Structure formats: structure tokens, C-alpha cells
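Right, one structure below, let's go through it.
The values are calculated or read from the model by the stated rules, or taken from the named source; none is laboratory data. Since the structure is predicted, the reported quantities are computational estimates derived from the model, not experimental observations. Cβ placement follows ideal geometry from the backbone for every residue including glycine, while neighbour counts extend to all protein chains displayed.
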Ligand code: AMP
């Protein structure tokens, strides 16, 4: 089971993909308008609430999650949630979106994968030019 925290565009896409693939999915957001970003085919749970409140996480069945994806718009909340989930629950994987690459060091655990959009964009840009150089050869 996958629990997605924060129905950002990334969170909504990940939840929609998992639901499409038949994975039991639940997504949490404090603003129910955010769920509009989900694909119309999304068939998982939608939980409205503050993810900093343990009752919200329990409603989302965090205790059953093998994967937790954390994509609120606040890096500090994401870091706090990742540490909290790591300490008190038992998912195999925790994926965390951070805007600030420098904060990656705060999440140094083999279960945690950090996604940094600006760094990913930079790598894509670099590869674009590398591909062009290969084509010129
Ligand atoms: P975005 O602004 O597209 O990156 O989306 C971030 C989402 O995270 C928004 O839909 C926010 O409502 C949601 N969000 C931010 N903080 C929390 C929180 N503490 N609990 C649940 N959802 C949150």
C-alpha cells in the first residue's frame, strides 16, 4: 500500500499512477480542492486533514503503508514527517520531495529517497547538451 502526503502535482501524479496500476493508495491533503489534480480514474482513498496530526495519518492507514511519498510544499514539514514516519511506522520506502537540495543531509537513511526538482531539471538540461554533442560526432 502507498500513502501519499500532499496532493501537489507530483503527489497527485504518483497517487494516480499507483491507483492505475492497481496498488492500494491513499492520499492526504489539508485542502480538498487539491484533489482536483488527481486523474479522473483515481480510485484510492482521499483524506482531508493536516498530515502533522497523527489522527490524519492513521485515517490514511499509514500503519499499513509499504511506501510513503511526502510532497507538501514545505520542506521542513516534509523532513519532520519523514523522520516521524521512519521512527514510528514501518514502510520499506519513504520518498520525500525537497525544494532545497542543501536539506538532503537531514534525511540520511537507506529507506529514504529524496527528490529535488531543481537538481533533476539541471541533470535533464545537462543531458540535453550531452545528447547533442553525441549527435554531432
Ligand atoms: P504544491 O503547492 O503544488 O507543491 O502542493 C502542496 C500541497 O501540500 C498543497 O495541496 C497543500 O495543501 C498540501 N499541504 C501542505 N501542508 C500540508 C499538511 N501539513 N498536511 C496536508 N497537506 C499539506
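Residues checked against (1) outside any helix (DSSP H, G or I); (2) modelled with pLDDT under 95; (3) near the ligand (Cβ under 10 Å from one of its atoms):
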site: 19; (1), (2), (3): no, no, no
site: 22; (1), (2), (3): yes, no, no
site: 28; (1), (2), (3): yes, no, yes
site: 55; (1), (2), (3): no, no, no
site: 58; (1), (2), (3): no, no, no
site: 68; (1), (2), (3): yes, no, no
site: 83; (1), (2), (3): no, no, no
- Query: Does the stretch 30-38 contain any residue that is crowded, with 21+ Cβ neighbours inside 10 Å and near the ligand (Cβ under 9 Å from one of its atoms)?
  - Reply: no
- Task: State all residues of the stretch 97-126 that are over 17 Å from residue 76 (Cβ atoms) and in contact with a strand residue (DSSP E or B) (Cβ under 6 Å, 6 or more places away or on another chain); if no residue qualifies, say none.
- Result: 111, 113
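With the condition kept exactly as written, say whether any residue in the stretch 130-137 is over 15 Å from the mean Cα position of the chain (by Cα), assigned to a loop (DSSP other than H, G, I, E, B) and modelled with pLDDT under 90. Give the derivation first.
First, pick out the residues of the stretch 130-137 that are over 15 Å from the mean Cα position of the chain (by Cα): 130-137.
Okay, now just the ones that are also assigned to a loop (DSSP other than H, G, I, E, B), so 137.
Applying the additional criterion that residues be modelled with pLDDT under 90 yields 137.
Yes, there is a match, as at least one residue in the stretch 130-137 is over 15 Å from the mean Cα position of the chain (by Cα), assigned to a loop (DSSP other than H, G, I, E, B) and modelled with pLDDT under 90.
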- Note on the structure: Log entry, pairs with first residue in the stretch 2-24 being more than 20 Å from residue 83 (Cα to Cα) and in contact (Cβ under 8 Å) with a residue 12 or more places away in the chain, second being in a helix (DSSP H, G or I) and within 16 Å of the ligand (Cβ to nearest atom), beta carbons closer than 7 Å, six or more apart or on different chains, reads 9/37; 12/37
- Sort out which residues of the stretch 85-100 are away from the ligand (no atom under 15 Å from the Cβ) and either touching a residue at least 60 places away in the same chain (Cβ under 8 Å) or surrounded by 14 or more Cβ atoms within 10 Å (Cβ to Cβ) (or both), and write them in order of number. 86, 89, 91, 93, 94
- One residue from 47, 14, 77, 94 being farther than 21 Å from residue 117 by Cα and in contact with a strand residue (DSSP E or B) (Cβ under 9 Å, 6 or more places away or on another chain): 47
- Query: In the stretch 1-17, what count of residues is obtained for those that are part of a loop (DSSP other than H, G, I, E, B) and near the ligand (Cβ under 8 Å from one of its atoms)?
  - Reply: 3
